[in-house]
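Q: Sharing a structure here in structure tokens format.
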Amino acid sequence: MDILECIRTRRSIRTYTDRPISEETLRELIGLGVKAATGSNEQPWGFAVIQDKDEIQRLSEETKGWLLEHLADYPYLEQYREWLNKPSYSVFNHAGTLLLIYGDTASHWYAYDGSLCAANIMLAAHSMGIGTCWIGFGEHILDTPEFKRVHNVPESYRLVCPMTLGYSKASLPPSERKEPRIFSWRKA
Ligand SMILES: Cc1cc2nc3c(=O)[nH]c(=O)nc-3n(C[C@H](O)[C@H](O)[C@H](O)COP(=O)(O)O)c2cc1C
């Protein structure tokens, strides 16, 4: 797929087939992710992978519980109250693969670098017929000291992007976007 076509047609995918993503494919995607630009060439990213549907489901339930308990602290969550209360709603969309991109806070640029890495992976995955979705809801549960201890993530790393991946069931139309606000454009 041509790169421009890939950028134009990528969508967040929330329905996946049962076909698993192989370790080889996921390693290839991570390898493409780390080709992203990186501040001072520090390459501060690190990854954790969960390919266990039962564990992903358990993490979804834990996340829903946490979010419902903290609705008052995060006003933006109110719009999702109904979803979060639905037993059938999976925060991770029943994906078979959850890829967590962490950034080493020792680098000033870790959040930017991790985000660029995520964008590379999203686009590369799309070109392979693999759907992705950044799951911001995961930011709390997947960044705790306990979670990081279990998954060997060093303390200095913070979660940048929790991403679900799976072969896309849906074929969505290209996204609609608001007109970009261009604040100024000085010409000679
Ligand atoms: C920082 C960030 C957090 C997001 N969090 C969630 C999330 O928790 N759950 C979800 O279903 N989608 C999430 N998304 C996906 C957005 O909803 C999606 O990108 C947006 O609606 C535009 O749709 P598109 O990606 O198909 O163009 C997130 C995207 C970003 C960049």
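The values are calculated or read from the model by the stated rules, or taken from the named source; none is laboratory data. Keep in mind the model is a prediction, meaning the values are calculated, not measured. FYI the Cβ positions are ideal-geometry reconstructions off the backbone, even for glycines, and counts take in every protein chain you see. The accessibility values were calculated without ligands, DNA or RNA, using every heavy atom of the protein model including side chains. Shrake-Rupley method; radii C 1.70, N 1.55, O 1.52, S 1.80 Å.
Q: Checking the conditions here, which among ARG158, ARG181 is open to solvent by 50 Å² or more (accessible area, probe 1.4 Å), of a type in the set (D, E, K, R), within 16 Å of the ligand (Cβ to nearest atom) and more than 24 Å from ILE3 (Cα to Cα)? Show your work before the answer.
A: Values: ARG181 fails: within 16 Å of the ligand (Cβ to nearest atom).
On inspection, the qualifying residue turns out to be ARG158.
Q: Please determine, by comparing only the residues of the range 46-66 that are within 22 Å of SER115 (Cβ to Cβ) and aliphatic (A, V, I, L, M), which one is nearest to the ligand (Cβ to nearest atom). First the steps, then the outcome.
A: First, pick out the residues of the range 46-66 that are within 22 Å of SER115 (Cβ to Cβ): 46-50, 59, 63.
Now narrow it down to the ones that are aliphatic (A, V, I, L, M): 48-50, 59.
Values: ALA48: 18, VAL49: 19, ILE50: 16, LEU59: 13 Å.
Only one residue tops the list, namely LEU59.
Q: Return the residue satisfying two criteria in turn: it lies in the range 161-178 and is basic (Lys, Arg) and loosely packed, with under 10 Cβ neighbours inside 10 Å, and of such residues it is farthest from PHE47 (Cα to Cα).
A: Taking the range 161-178 and keeping what is basic (Lys, Arg), we get 169, 177-178.
Subsequent filtering for residues that are loosely packed, with under 10 Cβ neighbours inside 10 Å retains 177-178.
Values: ARG177: 31, LYS178: 33 Å.
Looking at residues that are basic (Lys, Arg) and loosely packed, with under 10 Cβ neighbours inside 10 Å, I get LYS178.
Q: Continuing with the same structure: Tell me, please, whether a residue that is part of a strand (DSSP E or B), within 14 Å of the ligand (Cβ to nearest atom), open to solvent by less than 40 Å² (accessible area, probe 1.4 Å) and closer than 30 Å to LEU4 by Cα can be found in the range 118-129.
A: Taking the range 118-129 first, the residues part of a strand (DSSP E or B) are none.
The answer is no; no qualifying residue exists.
Q: Select from the range 131-155 the residues that are away from the ligand (no atom under 14 Å from the Cβ) and touching a strand residue (DSSP E or B) at 6+ places or on another chain (Cβ under 8 Å) and write down the one among them that is most open to solvent (accessible area, probe 1.4 Å).
A: Residues of the range 131-155 away from the ligand (no atom under 14 Å from the Cβ): 144-155.
The next check asks that each one be touching a strand residue (DSSP E or B) at 6+ places or on another chain (Cβ under 8 Å); those that pass are 148, 151-154.
Details: LYS148: 20, HIS151: 51, ASN152: 136, VAL153: 19, PRO154: 69 Å².
Checked the range 131-155; the qualifying residue most open to solvent (accessible area, probe 1.4 Å) is ASN152.
Q: Which condition breaks for THR144 when tested against (1) in contact with a helix residue (DSSP H, G or I) (Cβ under 9 Å, 6 or more places away or on another chain); (2) at pLDDT 95 or above?
A: (1)
Q: Would you pick out the residues in the range 161-174 that are in contact with a Lys or Arg (Cβ under 6 Å, 6 or more places away or on another chain) and near the ligand (Cβ under 9 Å from one of its atoms)? Talk me through it step by step, then tell me what you get.
A: Of the residues in the range 161-174, the ones in contact with a Lys or Arg (Cβ under 6 Å, 6 or more places away or on another chain) are 167, 172, 174.
Within the range 161-174, LEU172, PRO174 meet the criteria.
Q: Here's a follow-up. Scan the range 94-115 for residues that are crowded, with 19+ Cβ neighbours inside 10 Å and either assigned to a helix (DSSP H, G or I) or small (Gly, Ala, Ser) (or both) and jot them down.
A: ALA95, GLY96, GLY103, SER107, TYR110, ASP113, GLY114 - these are the residues of the range 94-115 that are crowded, with 19+ Cβ neighbours inside 10 Å and either assigned to a helix (DSSP H, G or I) or small (Gly, Ala, Ser) (or both).
Q: Something else now. Can you tell me which residue in the range 131-188 is nearest to PHE92 (Cα to Cα), limited to those that are in a strand (DSSP E or B) and β-branched (Val, Ile, Thr)?
A: Within the range 131-188, the first condition is being in a strand (DSSP E or B), and the residues that meet it are 131-134, 157-168.
In the following step, the residues that additionally are β-branched (Val, Ile, Thr) were identified as 132, 160, 164.
Details: THR132: 10, VAL160: 16, THR164: 6 Å.
Among them, the one singled out is THR164.
Q: For the range 1-50, which positions are in contact with a Gly (Cβ under 6 Å, 6 or more places away or on another chain) and more than 16 Å from SER171 (Cα to Cα)?
A: In the first step, residues of the range 1-50 are kept if they are in contact with a Gly (Cβ under 6 Å, 6 or more places away or on another chain); the result is 13, 16, 20, 44-45.
Result: PRO20, PRO44, TRP45.
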